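Here the structure is laid out as structure tokens; the discussion comes afterwards.
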Amino acid sequence: MKTGTKVMGWVTVAVLAMTTGTALAAKSVTKKEISGVVNLNTATAQQLDLLPGIGAKAAKRIVEHRAKTPFAKVDDLAKVKGFGAKKLEKLKPFLTTSGPTTVAVKKVKTEAKEGASSSAVAPAAQGRRASKR
């Protein structure tokens, strides 16, 4: 009787793992797609906050910095605390020091990758054998 209960328990776990993996693969993910540019010298804190990797605090630091010294070039952003070479390279396509701010954010739905479902059933998919006792 105990062996039958254990087997039913394992079967239940296996079925749940497989159905959970399938359900994860069917979900869609919403991504933000950014277009346009942000003028470092005229953009509002809210417009700066739209950029990837810039939050409210970083936007506030940019606004405070430009009040003292306007940005002559995009690379001057590295003078602001929290903006290193990596972050600056990521942001460069969206930054300018002249002209209007034209940034726009569009939410795009994409399908989740199927790779997420394989993690739920990885041991069986890898062909591991049960240990003999």
Residue in the stretch 42-64 that is touching a Pro at 6+ places or on another chain (Cβ under 7 Å), surrounded by 13 or more Cβ atoms within 10 Å (Cβ to Cβ), on the phi < 0 side of the Ramachandran plot and assigned to a loop (DSSP other than H, G, I, E, B) present: no
Cβ pairs under 9 Å, 6+ apart, first in the stretch 62-85 and assigned by TED's automatic domain parsing to the domain that holds S98 and within 20 Å of G99 (Cβ to Cβ), second among the hydroxyl-bearing types (S, T, Y) and exposed (fewer than 13 other Cβ atoms within 10 Å of the Cβ): V63/T44; D76/T69
Given (1) over 17 Å from A104 (Cα atoms); (2) among the charged types (D, E, K, R); (3) surrounded by fewer than 12 Cβ atoms within 10 Å (Cβ to Cβ), index of the condition K31 fails: (1)
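The values are calculated or read from the model by the stated rules, or taken from the named source; none is laboratory data. Keep in mind that this is a model prediction, so the values were computed, not measured. FYI the Cβ positions are ideal-geometry reconstructions off the backbone, even for glycines, and counts take in every protein chain you see.
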